[in-house]
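Undergrad: Shown below is the structure under consideration.
FYI, it's all coordinate maths here, none of it is from the lab. Just so we're clear, the structure is a prediction, and the values are computed from it rather than from any experiment. Cβ: placed from backbone, ideal geometry, glycine included. Neighbour counts: every protein chain shown.
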Amino acid sequence: MFHFSGFNMMFPDGGRSFQVTYKCFSVSMLPGNERSDVEKGGKIIMPPSALDSLTRLNVEYPMLFKLTNKKKSRSSHAGVLEFVADEGKCYLPYWMMDNLLLEEGDILNIESVSLQVATFSKFQPHSTDFLDITNPKAVLENALRNFACLTKGDVIAIKYNKKVYELCVLETRPGDAVSIIECDMNVEFEAPVGYKEHSEQQPATQSGGQAAGGNDASAGVAVHEELVETFKGSGVRLDGKKKKDSQLETPVLKKVLPRGVPDYDYQFGLLRFDRSIKPISDRGQEDAEATGEAAGADTDSFHGTGFSMKKTRK
């Protein structure tokens, strides 16, 4: 048995397993430049001594590890990204520390394992915002390239368009922990947490739509376009000639449209078509006929005989 900074590393005489305990920290505590690439995946950073031990033990590739928090009886699986951590320490993505209920500086047990290749996995998003992604399978496939394995019950975090989405691993086949390196895996999605089926929303939407439709209809009856008749009376030519048929008195109508009345009961995602109001053109014709009859009943203006300004030769 060997000792490194007060932590035990055990190598069984006849076996090829690797088991070690480290103090674990989140990636934000890693010395040097910020490593955002570690947060995007499911791999950890271990010290160089671990690589030497793994090499002498001839551990199978790819190197996969079982991470166990014995205090909370929580476990998960991960791959390794680099061997650059300080001795006695390892660095994990923050979402992985959340799954294992770990805090900065807690003791983590790491053991090498061999996992079966994945054939199927099922995920459930923790937010309905995941439905806004156009092609979620392609986004997930691209994000899983930074992962080495999946564990049933884990909540993984993927980043897309500067937004972090959390997905729960509901099922994995052929085991509860599988390797996803160079595999052909079928993926399914469960309905996101908080998502309601359309059939459940429809009755409430219909009742709300009917009430709102009644309000719209009453509002449509009360609001009309104002039709104003301009240039009342008959016109006379300056030259005294009779007007042509095309110049006979026709009412000139000016349409004054009212300002829109907002629907204060509008529900987002609902389109409402109100057919209780007639088109403006139809109402304009009816009002034009009524005003035309009234104008015909009036007496003609400019009574008397007309005179020509040009004298005729005798």
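Undergrad: Between Ile181 and Met29, how high is the FRET efficiency from 1/(1 + (r/R0)^6) when r is the Cβ-Cβ distance and R₀ = 25 Å? Nearest 0.05.
TA: It comes out at approximately 0.35.
Undergrad: Here's something else I'd like to know. If I model a spin label at Cys168 and Asn58 as a point 7 Å from the Cα along the Cα→Cβ vector, what separation in nanometres do I get?
TA: 4.4 nm
Undergrad: So, in nm, how far is label Asp106 from label Ser17 when the simple model puts each one 7 Å beyond its Cα toward the Cβ?
TA: Each label point is offset 7 Å from its Cα along the Cβ direction, giving 2.3 nm.
Undergrad: Give a residue-ordered list of calculated ³J(HN,Hα) values for the stretch 47-63 (Karplus: 6.51 cos²θ - 1.76 cosθ + 1.60, θ = phi - 60°; whole Hz; x for Gly, Pro).
TA: Couplings: x, x, 4, 5, 5, 4, 5, 5, 5, 5, 7, 6, 5, 5, 9, x, 6 Hz.
Undergrad: Explain nothing, just compute: Karplus ³J(HN,Hα) = 6.51 cos²θ - 1.76 cosθ + 1.60, θ = phi - 60°, for every residue of the stretch 105-120 in order, whole Hz, x for Gly and Pro.
TA: Here the 3J(HN,Hα) series is x, 5, 7, 10, 9, 10, 9, 6, 9, 10, 10, 6, 6, 6, 10, 7 Hz.
Undergrad: Continuing with the same structure: Please tell me the relative contact order of the stretch 43-163 in percent, rounded to the nearest whole number, where contacts are Cα pairs under 8 Å and at least six residues apart.
TA: Reported as a whole number, the value is 33 percent.
Undergrad: Moving on. Along the Cα-to-Cβ line of Ser36, 7 Å from the Cα, sits a label point; which residues in the stretch 77-111 have backbone N less than 16 Å from it?
TA: Counting backbone N atoms under 16 Å from the label point, the list is 94.
Undergrad: Sticking with the crude label model, points 7 Å out along Cα→Cβ, report the distance from Lys137 to Lys241 in nm, one decimal please.
TA: 7.9 nm
Undergrad: Net charge near Gly79, counting Lys/Arg +1 and Asp/Glu -1 over other residues with Cβ under 15 Å of its Cβ?
TA: Counting the neighbours of Gly79, the net charge comes to -3.
Undergrad: Moving on to the next point. Quick one: length gained pulling Thr305 to Val117 fully straight, 0.36 nm per residue minus the C-alpha distance?
TA: Roughly 56.8 nm would be gained on extension.
Undergrad: Could you work out how much longer the chain between Val155 and Glu197 gets when fully extended? Use 0.36 nm per residue separation minus the Cα distance between them, nm to one decimal.
TA: Using 0.36 nm per residue and subtracting the Cα-Cα distance, I get 12.8 nm.
Undergrad: Sticking with this structure for a sec: Could you tell me which of Leu140, Gly153, Phe189 has its Cα farthest along the dipole of the stretch 128-194 towards the positive end, charges placed at Cβ (Lys, Arg +1; Asp, Glu -1), taken about the Cα centre?
TA: The residue sitting farthest along the positive end of the dipole is Leu140.
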